[in-house]
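What follows draws every value from the coordinates through simple rules; no lab data is involved. Everything quoted here is computed from the prediction, not taken from an experiment. Every residue, glycine among them, receives a Cβ derived from its backbone with ideal geometry; neighbour counts consider all protein chains shown.
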Amino acid sequence: MNNDKKPVLITGSHRSGSTWVGRMIAQSPEVVYIHEPFSVSDAPSKGICNTEFKYWFTYVTDDNDKNYYQPIKDMLAFKYNLIAALKTARNFSMVKQFWQEYRQFASYHQAGSIPLIKDPIAFFSAEWLQSKFAMNIIVLIRHPAAFVSSIKKLNWSHPFSHFLAQDLLMRNILFPFREEITQYANSQPSVIDQGILLWRIIHHTILQYQRQHPQWFFIRHEDLSREPLNNFAKIFQYINLEMTADVLKRVEEYSGSENPPDTDFPYTLKRNSQVNIWNWKKRLTPSEIVYIRNHVEEVSKYFYSDADW
């Protein structure tokens, strides 16, 4: 791998466009997309990443990386663990799948391809990933009402106990929110309240990242949606990749005005990106919008002005 072609991490809050960004970058023939290895429920095969993440938003540091360092190092080097994968095979079709993955990873390794990890669940481990593997970090920021409206639409609940179970995470990063997290772990707040607290936690941390890591690339989902060609060009420049005519065409295809403004499927990527910015105004009631703003303003004011509301 060329020294100037580093591995890439796309992170930020979930529902912030990380899949869109990751898939567009992966249109480059030099890049290989790896989907959410930190996921608890939808992780790739053990051949791709031979470890297990017990908690949502697992926090990895030098103090607890014993079970994570080598599997992630192998994944980024495209060293496929065929034996580990085959141990999980339940039928012949899975064996065929793992053999195909093994051959693909061998070709990626030989070609010196660039691994791109798309993973909002790796958010709190971004510093460790950058430190250990010299990754280029791209952090996506999302309007709080847009984030909460997406959580509301999907009715996604979050197990806040997973934060409390990670002593290092609570001690090093989430200590300002300990009381609220404990309350939410012991009760059943509404999905909107859960979304508000998650947004505050994640974006409060993004503020810390911005101060401590000015070399990372931070971008608001709304800015990317308004000017996708211009801002994807900046992203490609940051990771030292050429934005070819084919990539430009694909970005236009997935963000153009001919696409639907919204979709009922959470992972549909083709959208009218400019209209999609304001979908939260249709998903939320006026009182919900006021409620959300009142509860996030302490953090959101650093990212969004009155005009964004």
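Residue-wise HN-Hα couplings along region 209-218, as the Karplus relation 6.51 cos²θ - 1.76 cosθ + 1.60 with θ = phi - 60° gives them from phi, are 4, 4, 6, 8, 9, x, 7, 6, 9, 10 Hz; Gly and Pro carry x. Mean-square fluctuations from a GNM of the chain, with a 10 angstrom spring cutoff on Cα atoms, peak among G112, G17, G47 at G112.
Residues whose amide H lies under 5 Å from that of F218, counting only those 5 or more places away or on a different chain, are V139; hydrogens are built 1.01 Å from N in the peptide plane. 3J(HN,Hα) along region 101-109: 4, 4, 5, 4, 5, 4, 5, 5, 4 Hz, from the Karplus curve 6.51 cos²θ - 1.76 cosθ + 1.60 with θ = phi - 60°, whole Hz, x for Gly and Pro.
Among I117, I181, the ranking by other beta carbons within 10 Å of each residue's beta carbon, starting with the fewest, stands as I181, I117.
Do any chymotrypsin sites (Phe, Trp or Tyr not before Pro) in region 216-272 lie in a loop, going by DSSP, with at most 13 other beta-carbon atoms within 10 Å of their beta carbon, and if so which? Present the calculation step by step, with values, prior to reporting the outcome.
Numbers: sites: W216, F217, F218, F232, F236, Y238, Y254, Y267; in loops: W216, Y267.
Passing both the DSSP loop test and the Cβ count: Y267.
Restricting region 259-304 to trypsin sites (Lys or Arg not before Pro) that sit in a DSSP loop and have at most 16 other Cβ atoms within 10 Å of their own Cβ leaves K270, K301. Recomputing Rg and Dmax of the Cα atoms in Å from the coordinates shown identifies the correct label among [x] 26.9, 87; [y] 19.5, 57; [z] 17.5, 50 as [y]. Working note: Karplus 6.51/-1.76/1.60 with θ = phi - 60° gives region 15-24 the couplings 6, 10, x, 5, 5, 4, 5, x, 5, 5 Hz, where Gly and Pro are set to x.
Please state the shape class of region 137-283: rounded when a/c is under 1.5, otherwise prolate if a/b exceeds b/c and oblate if not, all from the C-alpha gyration tensor. It is oblate, given that a/c is not under 1.5 and a/b is not larger than b/c. Computed from point charges on the beta carbon alone (+1 for Lys and Arg, -1 for Asp and Glu), the dipole magnitude for the chain about its Cα centre is near 540 Debye. What shape does region 163-235 have by the C-alpha gyration tensor, where a ≥ b ≥ c are the square roots of the eigenvalues, rounded means a/c under 1.5, and otherwise prolate means a/b greater than b/c and oblate the rest? It comes out oblate by the Cα gyration axes.
For chymotrypsin sites (Phe, Trp or Tyr not before Pro), the sites in region 69-158 that DSSP calls loop and that have at most 16 other Cβ atoms within 10 Å are W156. Of N91, N276, N136, the residue with the greatest mean-square motion in the GNM of the chain, using alpha carbon springs below 10 Å, is N91. For V32, the residues whose amide H sits under 5 Å from its own are I114, L116, ignoring neighbours fewer than 5 places away on the same chain, with H placed 1.01 Å from N. Cα centroid distance between region 184-229 and region 1-71, in Å? Cα centroid of region 184-229 versus Cα centroid of region 1-71: 18 Å apart.
Which longest run of the chain has no exposed loop site in it, a site being GluC sites (Glu not before Pro) in a DSSP loop with at most 12 other beta carbons within 10 Å, and the site itself not part of the run?
Working: sites that count: E52, E242, E258.
So the longest stretch without any such site is 53-241.
Using C-alpha pairs under 8 Å with a sequence gap of at least 6, the mean separation divided by the residue count of region 103-195 gives a relative contact order of 28 percent.
The relative contact order of the chain, computed from alpha carbon pairs under 8 Å that lie at least 6 residues apart in sequence, is 24 percent.
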